[in-house]
Structures are given as structure tokens and as C-alpha cells.
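As C-alpha cells, the structure follows; a few thoughts come after it.
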Amino acid sequence: MNESTKLLLKKHGWRIDRAIHNYVYFRWYYPYVKLVSIFLRALQYLTWLKPLKYAGMMVFNRYHSKVLTFRDTKKILSLKEDMRIIADINKRIVPFKYAHKIIFQDPEFIVVMDCPCKKSLRAPADTINSCIAVGSGTGTFWLDACKKYNPRKITQKEALAIVKKFRSKGYITQAFFKVATGGSTGVICNCHPATCVSLQASRIAKKIHKNLTMNAQSGYSIMHDNKKCTRCGTCDTVCHFNAIQITNNGRLYHINECMGCELCVESCSAGALSLYVDPQKPIPLDIDLIKDAKKKD
């Protein structure tokens, strides 16, 4: 047994069921997610079943994501020291019941591997190698046990370049949390609604109940400078969540639908858009902000 597998098992302690789930999840990443994607395709025809709301809550409390801005992603991918935050503030950052630990151990050890969502949903070949593990625990396990998914060790600079490349093509950045992988983050992926099972699950879930989602908002909303705005419509085009609409009657902004992914800000050539921390939304996964808030607690 590889040392990385031993560490994976040790992480879960007496919860051998979670350790096995963790092993299976990463060891057979692609068939695992492929089955989920098939299930979702069937589920979209059953959204009228009311009990699905409670089933969705049970699943989403154990497996979900946090949308990240590029600025907050850059801070994670520039860490030079271990970060371990398990406190009440976590539940305000990742507002789900079980998986919300923020742990980056040995953060300079980074591995990128094929994304099972993109493989399952037949994304272009040049976009598949895009899941990023931050930390030696998950990263080493990927290198040891997941060779068929093309894992490779990269630098922090290379990881940031991958994120930049995908964001320029309209992909959002997400940090994933899962009970079966220890209830903490460590995996960051570059996601598009057309090829992301997580985003598709939330789209289907909202048909069951409007507040049911697997994806936590970044914690930011958009500020609009009407004087700079040229009404070019780019922000409307790049928004995956229908939060911005340019109509004959002007610009509409649906703040509750906005995930704060920052794509519209980055795409606005006029500089008419900017982010602000929205107190009505979850706290951003901003490492500096979290450290300051934890000191005050």
C-alpha cells in the first residue's frame, strides 16, 4: 500500500466508510462522476417529486463548492505556509452543514489532473486536464493512484496560468468540499455549465426548489458605473447565471442570482464593473479576510 493511501485512510480515523468512499472517488474518478451525470439526466424529468428537495439537501450538505474570484484564487495558489481554519466562520463562508473545513497543507505541492466532469460530458480534449489539487495529501495520492487520469505536478505559477487561461474562455473557478474527502477544500477546478456536473446539478435542483444549490456564492456582488458603461452587452453574454441582462429598457441586475464569479468584471473593456463584498451573501474565501475575522473571533 502506498504511503499516500495510508495517509488517506488515516485522515478519516474510525470512519472507514468515508475512507473507502474517498479512495473509490479519486481512484475511479471518471466512472464515479459518469454515473452521477447519467443520474442527473434522468432526474431532470422527475423534478416534480417533492421528496427530492430533502434528498437534494442531504446530498448537497455533503458535497458542494465555493465560487472563487481570481483574486481569491491567486491568494490560495500563492500560499507559502500551511493553512488550517476550522471555526464557526467557516459556516459563513461555505454555508453547508457538514463539509466546510478550510485546509491547505503543504500548499506549494500542486498537482493537475483530468476533470471527470469534462470527460463525462465530452468537453474538448484540450480542456480536460484542469482539476487542481492544492496540498501534498491529495496531490500525492493522485500521482500514485490515478495515473490513468494524467496527473502531473506543477508549480504555483503554472497553476495560476491554467486558471487564467480558463477564465479567459468563460470558465468559473470553484473550490470543492466533500465529506468523503475529509470535509475540507483542497481541490480547485475550472468549470463551465456545459461541462460541469456540479453546475448542472444546481440547475436541475433549482427546478425542485429555488433555494436548492450545490454552489455557494463567492460573497461578492457587482457595482456598475453607469457613466463608463457602453451597453455593449458583453456582461450579459458572459454571465452563466442570468444575473445581468441588457434589454431595450436598460440594464437589469438580479443580485440574488449573481454568484460573484467576476467573469463580467474581467470581460468589461470599459471598466464599468467592479466587485464589492456583499454582507447579504456568504463571506468570501479570501485568506486575508478569514485570518482577520478569526483573530477578532
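Ordering of 19-30, 149-160 by packing is 19-30, 149-160, highest average first (other Cβ atoms within 10 Å, averaged per residue).
Scoring 4-10, 185-191, 224-230 by mean Cβ neighbours within 10 Å over their residues and listing the highest first yields 185-191, 4-10, 224-230. For the chain, the share of DSSP beta bridges that are antiparallel, to the nearest 5, is 90%.
Local charge for Leu77 was computed over the other residues whose Cβ lies under 12 Å away, with Lys and Arg +1 and Asp and Glu -1, and equals +3. Annotation: extensible slack from Tyr276 through Asp288 equals 2.8 nm (criterion: 0.36 nm per residue apart, minus Cα-Cα distance). In terms of other Cβ atoms within 10 Å, His192, His64 run from fewest to most in the order His192, His64. Only one residue of Met259, Leu143, His21 has its Cα farthest out toward the positive end of the dipole of the chain, where Lys and Arg carry +1 and Asp and Glu -1 on Cβ, and that residue is His21.
Segment Ile86..Lys210, full-extension length gain: 41.7 nm, with 0.36 nm per residue of separation and the alpha-carbon distance subtracted. A Förster distance of 25 Å, applied to the separation of the beta-carbon atoms of Asn2 and Thr155, puts the FRET efficiency at 0.60. Summarising the label geometry, the points placed 7 Å from Cα in the beta-carbon direction at His224 and Asn61 lie 3.7 nm from one another. Judged by the mean number of other Cβ atoms found within 10 Å, the most tightly packed of the peptides 263-273, 76-86 leads the ranking 263-273, 76-86.
Read-outs: derived from the displayed coordinates by stated rules, not from any lab. These numbers were taken from a predicted model, which means no experiment stands behind them. As a convention, Cβ positions derive from the backbone with ideal geometry for all residues, glycine included, and neighbour counts pool all protein chains shown.
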